[in-house]
Amino acid sequence: MNNPIKVVRNFMNEQNINYLLVNSTNEFLVEYCPLQENSRYFLTEFSGSTGDALVTPENIFLFVDGRYHIQADLEVNPKNITVVKLQTGQNFLDELAKKIPQNEPLGMFSKKNSQKRIEELTSKGIKIKLLNQDPLDKKIQYDSSKIETVDGILPDEKIKNIKETILVTNLEEVSYLFNKRDFSQNYSSKICAKAVIKDGKAQILNDVETFAKNTDGDIYVDKSSINAYDFNLIGKRAKILSDSPIKLMKSVKTDAEIEHYKSAFERTDMAVRAIRKFIYENENISEYDIAEQLEKEFKKYGARSLSFKSIVAKDKNSALAHYSKCSKDEIIKDGSLVLIDCGAYYEQGLATDITRVFVKGEPTELQKRVYTTVLKMFLNAFNSKFKTGYEIDDYARKIYAQNEIEGFVFNHGLGHGIGINVHEYPPNLSKNEFAKVEIKDGMCFTIEPGLYCEKHFGVRLENSCYMKDGKINSFVKMNYEKKLIDFSFLTEQEKVWLKEFEVI
């Protein structure tokens, strides 16, 4: 590809616009878009999973949340790119709108932005010019021959109470609805397809445009998951779902799905225990060596693929919440702290997710203090009785506020839903408004407090959990590190809670 910045600026001149939003996603609006489909990556060289870029006459602004502040600084060329570091509670669209002068149109790619986002920006007074072609796009061929069928309730049974005609454009929802998975793609089990529910039947669509032309009457859509291009194809017949019934159905796991998850996490724990042994018993190994061995361990215990690229981060690298390099040059030495965030897909195609931290040799007092503080945050959140992720997140932050460590910040949400995608909603545990939704029995989610300091290191401890009878239960049984726990810093109640988990 020619210089992407020049390509984009020439395109903007052709379109007669001064402001252009370049996205990290594709037409399916997926969170983890392969880099070969990620226009924002081509433009900025930032490889994080989320974060869009605004091209202006004088600058290119890259918006990233707290997980990526350090990584963005390391990856982009500051001569070309200005990193906008969103803080906890800041809204991306609010900050984007502040950088666009009144009466200046913002170019947005219709296939890469949800209708909800378009309308939210319009409500902020931003004029939108929809563009149907992204000049940085690469043609990607999708091989549907790799699709498999997994166990699950039949599609007709799932939709038996749905009377409306619904266009389903979210890939996790389509995969869930038809019990279909594709393990051939890296870090995904989703199939790439859109579908329609009509007259009590569900079918996969070949083409939204043909469907729109040949369908009479109202068509219901979810504005948060349909791109603006597809929405405009439907036009005035579009009716808005207050919430997708498939999304809500998918979020509450069946007893069979919970049992599968228990088995999947048992095998995930085995892989992580094996990598713990690998770290402690081998010398001169690198982040890369650990990541390679970890994938072998997952495959050994039956994983079909990884649910995301494993994070293996030593020392200062562990302060990057979503560090992804796994460098051959980063050698584990005596005293090295290693953070591992990993997961896998097994036969049902549901993502596992776990984070643990290890220290080679003896830890420092600071390492113990930070690890124990994060553990306190987890134990209190895990044993809380709150009904919403918003309240649980807030409680974990209050625990840290009472035990603050200079220089260390907790700059991401406490957790997220898990399922066919490693990040699903609902539920959500964060300071966002959408985290105020009640966590229902059968919902599966992570609790993952973390503290980070770029001068030292980061510690994150993540257990994937599920709600049953109004109580949080942990799928993860992987032990905590005894040598990293300062037991004098735990309350008597926290020590009792810790007994539920193995400490070695």
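The values are calculated or read from the model by the stated rules, or taken from the named source; none is laboratory data. These numbers come from a predicted model, not from an experiment. Quick reminder, even Gly has a Cβ in these numbers, built from the backbone with ideal geometry, and neighbours come from all protein chains shown.
Some values worked out for this structure:
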item	result
Top-ranked residue of region 85-111 - restricted to ones that are of a type outside the set (Ser, Thr, Tyr), within 19 Å of residue 38 (Cα to Cα) and in contact with a Phe, Trp or Tyr (Cβ under 9 Å, 6 or more places away or on another chain), ranked as surrounded by the fewest Cβ atoms within 10 Å (Cβ to Cβ)	92
Every residue from region 57-84 that is assigned to a loop (DSSP other than H, G, I, E, B), of a type in the set (Val, Ile, Thr) and either out of contact with any Phe, Trp or Tyr (no Cβ under 6 Å at 6 or more places or on another chain) or surrounded by fewer than 16 Cβ atoms within 10 Å (Cβ to Cβ) (or both)	81
Matching residues, region 314-373, being closer than 30 Å to residue 257 by Cβ and in contact with a His (Cβ under 7 Å, 6 or more places away or on another chain)	321, 348, 350
Scope region 177-186; condition in contact with a strand residue (DSSP E or B) (Cβ under 6 Å, 6 or more places away or on another chain) and at pLDDT below 95; matching residues	none
Residue within region 45-52 that is under 21 Å from the mean Cα position of the chain (by Cα), farther than 22 Å from residue 114 by Cβ and of a type outside the set (A, V, I, L, M, F, W, C) present	yes
Inter-residue pairs, beta-carbon under 9 Å, first of a type in the set (S, T, N, Q) and in region 1-21, second in a helix (DSSP H, G or I) and buried (at least 16 other Cβ atoms within 10 Å of the Cβ), 6+ apart	18/12
Residue match in region 135-147 (condition: of a type in the set (Gly, Ala, Ser), modelled with pLDDT under 95 and at positive phi)	no
Cross-chain or 6+ apart pairs with Cβ under 6 Å, region 90-111 first and farther than 20 Å from residue 433 by Cα, then surrounded by 14 or more Cβ atoms within 10 Å (Cβ to Cβ) and aromatic (Phe, Trp, Tyr)	100/19; 104/19; 106/19; 110/229; 111/229
Tally of residues being aliphatic (A, V, I, L, M) and under 28 Å from the mean Cα position of the chain (by Cα) across region 230-253	6
Residue list for region 92-115, filter: in a loop (DSSP other than H, G, I, E, B) and among the hydroxyl-bearing types (Ser, Thr, Tyr)	110
Counted residues, region 256-273 - those being in contact (Cβ under 8 Å) with a residue 24 or more places away in the chain and more than 23 Å from the chain's Cα centre (by Cα)	3
Residue satisfying condition, being under 24 Å from residue 479 (Cβ atoms) and not acidic (Asp, Glu), within set 411, 403, 428, 432	403
Residue match in region 362-384 (condition: within 26 Å of residue 176 (Cβ to Cβ) and of a type outside the set (A, V, I, L, M, F, W, C))	no
Those residues of region 201-236 which are basic (Lys, Arg) and touching a residue at least 24 places away in the same chain (Cβ under 8 Å), in sequence order	201, 223
Total residues in region 379-392, condition in contact with a Phe, Trp or Tyr (Cβ under 9 Å, 6 or more places away or on another chain) and closer than 27 Å to residue 487 by Cα	8
Of all residues making up region 252-269, the number that are part of a helix (DSSP H, G or I) and either in the same structural domain as residue 223 (by TED's automatic domain parsing) or not hydroxyl-bearing (Ser, Thr, Tyr) (or both)	12
Residue in region 289-310 that is assigned to a loop (DSSP other than H, G, I, E, B), crowded, with 19+ Cβ neighbours inside 10 Å and either without any contact (Cβ under 8 Å) to a residue 40 or more places away in the chain or aliphatic (A, V, I, L, M) (or both) present	yes
Whichever residue in region 102-131 is closer than 20 Å to residue 16 by Cα and of a type in the set (Gly, Ala, Ser) and, among such residues, is farthest from the chain's Cα centre (by Cα)	125
Number of positions in region 487-504 that are outside any helix (DSSP H, G or I) and surrounded by 16 or more Cβ atoms within 10 Å (Cβ to Cβ)	2
The one condition in (1) in a loop (DSSP other than H, G, I, E, B); (2) surrounded by 18 or more Cβ atoms within 10 Å (Cβ to Cβ); (3) touching a Phe, Trp or Tyr at 6+ places or on another chain (Cβ under 7 Å) that residue 313 fails to fulfil	(1)
Filter result for the condition that a residue is in a loop (DSSP other than H, G, I, E, B) and β-branched (Val, Ile, Thr), over 118, 128, 153	153
Within region 360-465, strands (runs of 3 or more DSSP E) holding 2 or more residues that are crowded, with 20+ Cβ neighbours inside 10 Å and small (Gly, Ala, Ser)	415-417
Count of region 53-102 residues which are of a type in the set (Lys, Arg) and under 26 Å from residue 452 (Cβ atoms)	2
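Per-residue answers, yes or no, for (1) in contact with a helix residue (DSSP H, G or I) (Cβ under 9 Å, 6 or more places away or on another chain); (2) surrounded by fewer than 20 Cβ atoms within 10 Å (Cβ to Cβ):
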site	(1), (2)
256	no, yes
262	no, yes
265	no, no
270	yes, yes
274	yes, yes
278	yes, yes
284	no, yes
